[in-house]
1. What is the spin-label model distance, in nm, from Y4 to T44 if the labels are put 7 Å beyond Cα along the C-beta direction?
2. Between V34 and Q84, what's the calculated FRET efficiency when r is the beta-carbon distance and R0 is 30 Å? Round to 0.05.
3. What translational D, rounded to a whole number of µm²/s, comes out for the chain from Stokes-Einstein when the hydrodynamic radius is the Kirkwood one over Cα pairs, at 20 °C and 1.002 mPa s?
4. If a paramagnetic tag sat 7 Å from the Cα of Y16 along the Cα-Cβ line, which residues of segment 27-67 would have the backbone N under 11 Å from that point?
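Any read-out appearing in this document is the output of simple, stated calculations on the displayed coordinates, not a laboratory observation. A quick note: this is a predicted structure, and the numbers were derived from the prediction, not measured. Reconstructed Cβ throughout: ideal geometry from the backbone, glycine too, with neighbour counts over all protein chains shown.
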Amino acid sequence: AAGYIPVVYSYASFLYYHLDMSALSQYPVWVANVDVDKPDYDGTYFLWQYSWTGSISGINGDVDMDYSYIDFAAYTKKFGLNNQK
């Protein structure tokens, strides 16, 4: 393995109706569910994309906005993943 974290990324309804999440349970989930107070997904997820149209100073155009429920940088560094040492 190359040392990268595989992640399941999708919008909530696709996770419910088109994927067998029990077969994918070993992978972290990043759910996209915008314009809501919290994701409409009852499964476990570690990242939530809450906007497609955010803005960041110094970046032209829309950017995706996400909320992480874990310290992702510390997680990858702890396990030496994503080229973090």
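1. Result: 2.4 nm between the two label points.
2. The value I calculate is 0.55.
3. 150
4. 40-43
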